[in-house]
1. State whether one or more residues within the range 404-417 are farther than 30 Å from residue 470 by Cα, touching a strand residue (DSSP E or B) at 6+ places or on another chain (Cβ under 6 Å) and not in a loop (DSSP other than H, G, I, E, B).
2. Go through the range 357-399 residue by residue and tally those that are among the aliphatic types (A, V, I, L, M), under 27 Å from the mean Cα position of the chain (by Cα) and outside any helix (DSSP H, G or I).
3. Which residue is farthest from the chain's Cα centre (by Cα), if the candidates are limited to the range 112-121 and must be within 22 Å of residue 445 (Cα to Cα) and assigned to a loop (DSSP other than H, G, I, E, B)?
4. Being assigned to a helix (DSSP H, G or I) and surrounded by 15 or more Cβ atoms within 10 Å (Cβ to Cβ) is the filter here, so list the residues in the range 215-231 that pass it.
5. Looking at the structure I just gave you, is residue 210 in contact with a helix residue (DSSP H, G or I) (Cβ under 9 Å, 6 or more places away or on another chain), farther than 30 Å from residue 513 by Cα and surrounded by 18 or more Cβ atoms within 10 Å (Cβ to Cβ)?
6. Among the numbered conditions (1) free of Cβ contacts under 8 Å to residues at least 40 places away in the same chain; (2) more than 19 Å from residue 324 (Cα to Cα), tell me where residue 287 comes up short.
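The values are calculated or read from the model by the stated rules, or taken from the named source; none is laboratory data. Please read these numbers as outputs of a predicted model, since none were measured by experiment. So basically every Cβ, Gly included, is an ideal-geometry build from the backbone, and we count neighbours across all protein chains shown.
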Amino acid sequence: MSFQKKYLPLILGVATAAGIFIGGKLDFRDSPDRLFSTNSKKDKLNRLIDYIDYDYVDEINTDSIVDVTVNGILDNLDPHSVYIPKEAMERVAEEMKGDFVGIGVSFYPYKDTIAVIRAIEGGPSAKAGIKGGDRIIMADNDTLFGERLNDGEMVKKLKGPINTKVNLKVYRRGEPKLLNFTVKRGNIPIKSVDAAYMLTEKLGYIKVNRFAESTYKEFKKGLDKLLELGATEIALDLRNNPGGILSISEQIVDEFLEDDKLILFTKNKRGNIEKSFATSKGDFEEGQVYVLIDENSASASEIVAGALQDNDKGTIVGRRSYGKGLVQREMDLGDGSAVRLTVSRYYTPTGRSIQRSYKNGNKDYYDEYFNRLESGELLDPEKIKVADSLKFTTPGGKIVYGGGGIIPDVFVPIDNSMQNETLTFIQRHGYFGNFVFEELEKDRHVYDGISRQDFIDSFEVSDDFVFAFQDYLNVRTSSKITFVAYHEEIKQYIKATLASQLYGGGAFEEVFNQRDIMIEEVIRLSDEGLNSTDKD
C-alpha cells in the first residue's frame, strides 16, 4: 500500500477540518448519538468540526480548532511528528532550502530604524555599496522607522520577488544628506557552514550548523579550501546541529568513506529496508577525521557520526548525542500548512538504532537533557547508562551501543566556565551583539587598519570594554550583573562578536574556538597521532 493511500484518512480529515468543505451534506439537526454513530473515524472528526462551526453557542475560529486537533493527533504518535502551520511554513522552507530572496543585510533594530550590522559578502546590498552602520530609512518611499514598526514589518518592506529592484534611502554618519541606492533583490544564502579554516598546519576545521539543501555544496567548498591549504586531517564540528535533510548527511559521509561502505539503512512499519552506500566520489577517504558532537547533535548529525564510527573511520569526540533515529516525510495539507510524519527508523551500519525512548510522553522526552545534567553524565562518561542488549561490534572490533544517541570514542566534559546561566542569558537575549554594534557606532574607523588575521591573532579586549558592557547590561536588565567569576569568558564573547561584525564569515568561530576545550582535545589527539607516527 502506498504511503499516500495509507494516510489518506488523516490527510482528508485534516483538510476538511481546515475549512475545505464541499456541499451541505451534513444535517446539523443530528443528535450527538447520530453524529458519532458512523464507523468512519475520518467522518467522525469532520462532522464534529462542522457541528461546532455551525451550532456552537459562541463564534469560534475553526482554524484554531483544527490546529489543536492536528497537534493533538500528532502528540499521540511520537515527539518528531509535527504540524507546521501556514504562517511558519515560509520560514521553515527557507531554512531547509538554504536561501531566501532579499537585499542581503544583517540588521539590528536600533532607535526605531534598521541599522545595518553588515552587508552580506557578495550580496545585492554589498554590491550596491551599503556598509555596516548604515541606517535604511526608506524603501520605495515607504518609511522604515518609527516606534510602531516591528522587525517583521521592516523585513516585509524589504522583501519582494527575485530580480526586482528596490530604491533605498540611507543615512550614513558623516554624510551631509541621505544616500540613494538601488538594490536588485537576489537569493541570499542562509549559511549552514559557519566556518572552514586551519587549526594547525595539518588539521582543518569545518563547522556545520544544520543539513539544508545547500549544505553539501557549502561543505564541499570548505573541504576543497582546506585541502588546498594542506589539510591531511579534518575536524568536523556538529555540535548543536539539530539535523535536517537525510540525503545531505549521506553526501557528506560519502566524502569520508571508501566505495560501497554502508552509510545507513532505514526500515518502515512494513519491514521494507532501504540501504545507502558510499560511492566513488569521496575526496577525503584516506585522511583522519574527528567528529565533534554534543547533547544537541541530533538526527542527520548522528547519521554522520554513526556511519563513520561504525565503519571504524576517524574518531568521535565530545558527549553523547541527542538520540533521534526517526525519519520524517513532509506532506503538504493544501492550505499552506504541512505535517512532518515519522515514516521509518534509521539504523547505523552495525544495525543499531540510536532513537531514545519516548514511551513516557513528549515532556519526559524533551526533559532528558536535565536528567543528563542531574545524573552527572555531562561531566563523567561513567554515568552514561548503556544496555548490554544494545551492544554492537564494528568491523574493527570496537564496541558501540544503540538505544539513545552516539556515545563518543573520546569524552570531553561540558565546559561550565562557558555554560553558566548568566552567559547563556546574555547570549540568548542578543546583548553581546547589540552592545558591540553600539560600541562600533562610536567610531568604526578605529579598526580600519587591522586585518582580519591580525585581529584574530593579536587583538585584546580591554578591561574597560568589559566594565562598559557590565554597565550596559545593568541599565537594561533588572538584575545587578558582575563579571568577577568569568571576566575572561566575557572578553572572549565580546572579541568573537566584534570579529563577526567587522569581518563576517567564520570570524566568530575562529576567535571563540581559541578557548574551546573540545577543540583543544582534538588538537591534542592530532598531535599525539603525529607523534605516534614519528615513533613508528
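1. yes
2. Counting residues in the range 357-399 that are among the aliphatic types (A, V, I, L, M), under 27 Å from the mean Cα position of the chain (by Cα) and outside any helix (DSSP H, G or I) gives 3.
3. 121
4. 215, 216, 217, 218, 219, 220, 222, 223, 225, 226, 227
5. No, not satisfied.
6. For residue 287, the failing item is (1).
Results for (1) of a type outside the set (A, V, I, L, M); (2) modelled with pLDDT under 95; (3) in contact with a helix residue (DSSP H, G or I) (Cβ under 9 Å, 6 or more places away or on another chain); (4) within 26 Å of residue 342 (Cβ to Cβ), shown as yes or no for each residue.
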{"residue": "274", "(1), (2), (3), (4)": "yes, no, no, yes"}
{"residue": "292", "(1), (2), (3), (4)": "no, no, yes, no"}
{"residue": "301", "(1), (2), (3), (4)": "yes, no, yes, yes"}
{"residue": "318", "(1), (2), (3), (4)": "yes, no, yes, no"}
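Results for (1) within 22 Å of residue 109 (Cβ to Cβ); (2) without any contact (Cβ under 8 Å) to a residue 24 or more places away in the chain; (3) assigned to a strand (DSSP E or B); (4) not hydrophobic (A, V, I, L, M, F, W, C), shown as yes or no for each residue.
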position: 137; (1), (2), (3), (4): yes, no, yes, no
position: 156; (1), (2), (3), (4): yes, yes, no, yes
position: 160; (1), (2), (3), (4): yes, no, no, yes
position: 167; (1), (2), (3), (4): yes, no, yes, yes
position: 170; (1), (2), (3), (4): yes, no, yes, no
position: 181; (1), (2), (3), (4): yes, no, yes, no
position: 191; (1), (2), (3), (4): yes, no, no, yes
position: 201; (1), (2), (3), (4): no, no, no, yes
position: 213; (1), (2), (3), (4): no, no, no, yes
